[in-house]
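First the structure, in the form of structure tokens, and then the observations on it.
The values are calculated or read from the model by the stated rules, or taken from the named source; none is laboratory data. On a predicted model such as this, the values are computed, not experimentally measured, just so you know. Every residue, glycine among them, receives a Cβ derived from its backbone with ideal geometry; neighbour counts consider all protein chains shown. Heavy atoms of the whole protein, side chains included, go into the accessibility calculation; ligands, DNA and RNA do not. Shrake-Rupley method; radii C 1.70, N 1.55, O 1.52, S 1.80 Å.
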Amino acid sequence: MKKLKVAVMISGRGSNMGSLARAAMDPEYPVEIVLVLSNKPHAEGLDLAQQHGLPIRVVDQSAFDSRGEHELGITQALQEAGAELICMAGYMRILEDAFVNEWRGRLINIHPSLLPSFIGLETHARALERGVRIHGCSVHFVTNELDAGPIVAQAAVAVEPGDDKNSLAARVLEAEHELYPQALKLIADGKIRWTGDDSVSDNNATADDVAIFR
Ligand code: GAR
């Protein structure tokens, strides 16, 4: 089976990267993880990646004068690894347009809310403050507008009475770990495709493929 070569970009814990790594251990899963890249030298997720036997690379942002130069360094590392698609998994730095344009259509992200609600940070606290009954997470293509690119798949998580931001975050994180490998497989199988004009087209993707209810 020809597998899609994927790099995962992290900044911290890396639990979503871990869920992708576990999925990729299945010989039937259509993805090979060719690199785990961190912008932070001490990201916990780097150890986890090594435990999975994955190649790691740090492109330390503090070693570069500007964000643009840092991201050129990232692109070089991704190209050297032969990455065909990039998964951002808790990469906590806003990307410059040049990087996004370079990887347009080949760059996806997981975000801890049901987009387009609650873009940005502190999504769980804001969802609770707003009193939503259903929260969740989304996998989307990355465009120049923050958290606004076309949505690949989403998982819905009910808000429970008595939830605080930590309990809600923990249940959404479990949903993220189910959603991300499923969404990535849809792209690798060619079921969801970037159309080139900031939208996606479905090619035989079913509702069960793109919407998870927990
Ligand atoms: C995840 O909840 C991810 O959705 C979120 O950071 C966490 C990373 O956890 N990403 C964002 O907020 C991006 N704006 P992880 O490092 O354990 O995967």
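Annotations
- Built amide H within the under 5 Å cut-off of Gly136, gap 5+: Leu114, Val157
- FRET efficiency, 1/(1 + (r/R0)^6) with R0 25 Å, evaluated for Lys2 and Arg133 via beta carbons: 0.05
- q = 0.18, 0.23, 0.26 Å⁻¹, segment 1-86: log10 I(q)/I(0) [Debye, one scatterer per Cα]: -0.73, -1.09, -1.30
- With the simple spin-label model, which puts each label point 7 Å out from Cα in the Cβ direction, the Asp189 to Ala63 separation comes to 3.9 nm.
- Magnitude of the charge dipole, the chain, Cβ model with Lys/Arg +1 and Asp/Glu -1, debye to 20: 260 debye
- Anisotropy class of segment 92-214 from Cα gyration tensor, a/c 1.5 cut: oblate
- With both labels modelled 7 Å from their Cα along Cα-to-Cβ, the Arg13 to Ile94 distance reads 2.4 nm.
- Computed FRET value (nearest 0.05) for Asp198 with Ala156, which takes r as the C-beta separation and R₀ as 22 Å: 0.35
- Across segment 19-30, coupling constants 3J(HN,Hα) worked out from phi with the 6.51/-1.76/1.60 Karplus curve, θ = phi - 60°, read 5, 5, 5, 5, 4, 6, 6, 6, x, 7, 6, x Hz, and Gly and Pro carry x.
- Accessible surface, per residue, of the chain when the full set of protein chains is kept, probe 1.4 Å, Å²: 48 Å²
- Antiparallel DSSP beta bridges within the chain, as percent of all bridges there, nearest 5: 40 percent
- Here the spin labels are modelled as points 7 Å beyond Cα on the Cα-Cβ line, and at Gln50 and Glu174 they lie 3.1 nm apart.
- For trypsin sites (Lys or Arg not before Pro), the sites in segment 8-99 that DSSP calls loop and that have at most 16 other Cβ atoms within 10 Å are Arg13, Arg93.
- Comparing Leu20, Gly196, Gln79 along the charge dipole axis of the chain, the residue lying farthest to the positive side is Leu20, per the Cβ-charge model.
- Global geometry of segment 150-192, whether rounded, prolate or oblate, following the gyration tensor of its Cα atoms and the 1.5 cut on a/c: prolate
- Within the accessible area of the chain (1.4 Å probe), percent carbon and sulfur: 49 percent
- Note that the chain carries a Kirkwood radius of 17.4 Å, evaluated over its alpha carbons pair by pair.
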